[in-house]
Amino acid sequence: MKPTPKTFHVKSFGCQMNVYDGERMGELMAAQGMTATDDANAADLVVLNTCHIREKATEKVYSDIGRLRKHGRTPMIAVAGCVAQAEGEEIVRRAKVDVVVGPQAYHNLPDLVRDAAAGTAALDTDMPALSKFGALPARRKVSPGAFLTVQEGCDKFCTYCVVPYTRGAEISRPFDAIVDEAKALVDAGAREITLLGQNVNAWDDDAATGLHGLIRALDRIDGLHRIRYTTSHPNDMRDGLIRAHAEVEKLMPFLHLPVQAGSDRILKAMNRSHTRDSYLRLLERVRAARTDIALSGDFIVGFPGETEADFAETLSLVDAVGYAQCFSFKYSPRAGTPAADMADQIAPEVMDERLQRLQGALNRDQAAFNAATLGKSCTVLIERKGKLPGQMLGKSPWLQSVHLTTNAQIGDLVEVDIVRADPNSLAGVERVKIAA
Ligand code: 5AD
Ligand code: SF4
């Protein structure tokens with residue numbers, strides 16, 4: 001038995017979908033009368049909203065639990081997210097946490113917390129299709145850049161990936177529910193909405209139009225200035241979506257389109273179901289529609305069987321594309337996925353060395369992309385205060401961080417001239433304030 005918590009802290013790891021889920025869990029608890037605190041070490045209830053994608057991310061949960069219990073403190077601990085889904089009761093056995101709740105069941109969190117306070121086992125990893133969304137409270141005050149989950153799950157079964165198992169099959173939220181939530185977000189202060197999904201461009205509630213139809217509907221919401229979406233699969237990149245990049249002004253010139261590797265042999269072993277060439281041709285079409293688009297991607301180095309020649313093809317693909325920014329990872333074998341049982345696993349030191357070379361190339365291209373914006377003007381959405389007096393931080397249309405000195409407030413859009421370009425950020429000088 002533990003006292004019913006009065007304060008809570010949600011800590012989200014991993015992808016933006018977890019950030020969204022974390023916000024919604026916070027709203028749920030606030031609706032129960034609990035108060036949010038920024039300090040995990042002072043909260044009565046700590047929700048660890050976990051990521052299972054790589055081994056390191058998974059192990060972090062257990063070290064975090066240990067840290068929370070330091071100095072004899074015994075907060076109520078709830079493990080949510082993908083580790084909860086994948087490991088279920090194992091977490092209770094291994095770490096004696098109070099609540100375990102999967103990503104499709106977190107609308108039940110308040111009940112589970114109540115059960116835990118009463119001393120009953122509190123575990124829910126059911127995967128009912130979408131029922132959680134209807135059971136969540138209305139959106140409250142949000143930041144200028146808000147996330148909105150429109151699609152969950154994955155049917156692609158890349159051979160290295162746990163997502164199809166932890167997040168289940170691809171499901172699209174209904175069109176009307178999404179548009180209503182978008183309007184509520186704008187009313188609550190959002191100026192930019194990022195549509196989220198594990199395969200967001202597979203969203204197909206309205207099969208006639210696909211994701212681009214949804215984007216065009218959001219385009220009509222007054223007060224919403226920017227639309228983004230992430231993350232996409234190359235095989236779901238339909239013509240209409242590419243056209244939207246040419247035609248919808250609010251759709252920002254940025255595309256995150258993971259390729260993972262540059263060698264067809266490895267892409268096949270990964271079950272990516274696209275080739276190096278089909279990916280490059282797709283990017284050509286996207287660039288033809290929107291010439292200034294910033295491209296982003298994900299890469300895995302050291303997939304089982306990856307030779308030096310295969311890796312050289314990844315580097316040459318990077319050279320061919322010229323990404324604005326990317327994420328890159330060492331392959332991490334995940335139990336239950338086909339790749340974990342493949343022969344020819346790559347030695348850690350080989351992976352380290354390849355990752356270093358890849359990141360060298362990606363950093364070089366990111367710096368070059370930033371340098372190319374020097375002297376241009378663009379709008380910046382102000383998101384937060386900077387460290388220096390009068391300094392504010394925001395995002396360019398191409399998702400670069402921009403800092404500038406301005407009287408503009410959080411949520412304002414400011415037209416700036418880019419006067420300095422660093423590898424990780426830009427400096428701007430204000431021209432005119434456009435909208436509040
Ligand atoms: N090992 C390393 N990276 C992985 N990713 C997914 N599964 C693994 C794994 N087992 C990466 C992919 C994916 C991103 C979200 O995480 O690059 O696009
Ligand atoms: Fe994982 Fe592949 Fe699905 Fe992306 S497309 S979530 S990498 S299985």
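The values are calculated or read from the model by the stated rules, or taken from the named source; none is laboratory data. These numbers come from a predicted model, not from an experiment. Note that we place each Cβ from the backbone using ideal geometry, even for glycine, and neighbour counts take in every protein chain shown. Surface areas here come from the heavy atoms of the whole protein model, side chains and all, with no ligands, DNA or RNA. Shrake-Rupley method; radii C 1.70, N 1.55, O 1.52, S 1.80 Å.
Apart from one condition, Ile266 fits all of (1) open to solvent by 10 Å² or more (accessible area, probe 1.4 Å); (2) assigned to a helix (DSSP H, G or I); (3) within 15 Å of Ile300 (Cβ to Cβ); (4) touching a residue at least 24 places away in the same chain (Cβ under 8 Å); the exception is (1).
The condition of being away from ligand 2 (no atom under 16 Å from the Cβ), surrounded by 15 or more Cβ atoms within 10 Å (Cβ to Cβ) and either assigned by TED's automatic domain parsing to the domain that holds Arg334 or more than 24 Å from Thr166 (Cα to Cα) (or both) holds for only one of Leu28, Leu48, Leu68, Leu112, that being Leu68. When Val318, Val380, Val286 are screened for being within 16 Å of ligand 1 (Cβ to nearest atom), among the aliphatic types (A, V, I, L, M) and either under 29 Å from Lys395 (Cβ atoms) or open to solvent by 10 Å² or more (accessible area, probe 1.4 Å) (or both), only Val318 passes.
The selection criterion, being more than 16 Å from ligand 2 (Cβ to nearest atom), part of a strand (DSSP E or B) and not assigned by TED's automatic domain parsing to the domain that holds Gly102, does not hold for Ile178. Being of a type in the set (Gly, Ala, Ser) and within 16 Å of ligand 2 (Cβ to nearest atom) is the requirement here; does Ala408 meet it? Here the answer is no, as Ala408 does not meet what is asked.
Exactly one condition in (1) open to solvent by less than 40 Å² (accessible area, probe 1.4 Å); (2) within 21 Å of Phe13 (Cα to Cα); (3) not β-branched (Val, Ile, Thr) is false for Glu89; which is it? Glu89 satisfies every listed condition except (1). Checking each residue of the range 12-21 against the condition of being surrounded by fewer than 17 Cβ atoms within 10 Å (Cβ to Cβ), in a helix (DSSP H, G or I) and more than 20 Å from the chain's Cα centre (by Cα) gives no match. Val248 satisfies every condition listed in (1) more than 16 Å from ligand 1 (Cβ to nearest atom); (2) crowded, with 18+ Cβ neighbours inside 10 Å; (3) of a type in the set (Val, Ile, Thr) except (2).
Looking at (1) within 16 Å of ligand 1 (Cβ to nearest atom); (2) surrounded by fewer than 18 Cβ atoms within 10 Å (Cβ to Cβ); (3) among the basic types (Lys, Arg), find the lone condition where Arg167 falls short. Going through the list (1) within 16 Å of ligand 1 (Cβ to nearest atom); (2) surrounded by fewer than 18 Cβ atoms within 10 Å (Cβ to Cβ); (3) among the basic types (Lys, Arg), Arg167 breaks only (2).
Of everything listed in (1) open to solvent by 40 Å² or more (accessible area, probe 1.4 Å); (2) assigned by TED's automatic domain parsing to the domain that holds Arg226; (3) over 18 Å from the mean Cα position of the chain (by Cα), the single unmet condition for Thr120 is (2).
For Ser273, state whether it is among the small types (Gly, Ala, Ser), open to solvent by 10 Å² or more (accessible area, probe 1.4 Å) and either in a loop (DSSP other than H, G, I, E, B) or within 16 Å of ligand 1 (Cβ to nearest atom) (or both). Answer is yes for this residue.
To keep it simple, each residue is scored yes or no on (1) open to solvent by less than 50 Å² (accessible area, probe 1.4 Å); (2) within 13 Å of ligand 1 (Cβ to nearest atom); (3) not charged (D, E, K, R).
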position	(1), (2), (3)
Leu295	yes, no, yes
Gly302	yes, yes, yes
Gly336	no, yes, yes
Gln356	no, no, yes
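The residues in the range 151-168 that are farther than 16 Å from Ala335 by Cβ and within 8 Å of ligand 2 (Cβ to nearest atom) can be counted, and the count is 4.
Determine, yes or no, whether Thr159 is touching a Pro at 6+ places or on another chain (Cβ under 9 Å), open to solvent by less than 10 Å² (accessible area, probe 1.4 Å) and either more than 22 Å from Asp298 (Cβ to Cβ) or polar (S, T, N, Q) (or both). So Thr159 does not fit the description; no. If you check Asp204, Asp222 for being within 16 Å of ligand 2 (Cβ to nearest atom), open to solvent by 30 Å² or more (accessible area, probe 1.4 Å), assigned by TED's automatic domain parsing to the domain that holds Asp298 and among the acidic types (Asp, Glu), only one passes: Asp204. The single condition from (1) surrounded by 22 or more Cβ atoms within 10 Å (Cβ to Cβ); (2) over 30 Å from Pro75 (Cβ atoms); (3) within 19 Å of the chain's Cα centre (by Cα) that Glu181 fails is (1). Scanning the range 123-148 for residues that are of a type in the set (Lys, Arg) and either open to solvent by 10 Å² or more (accessible area, probe 1.4 Å) or more than 17 Å from Arg24 (Cα to Cα) (or both) yields Arg139, Arg140, Lys141.
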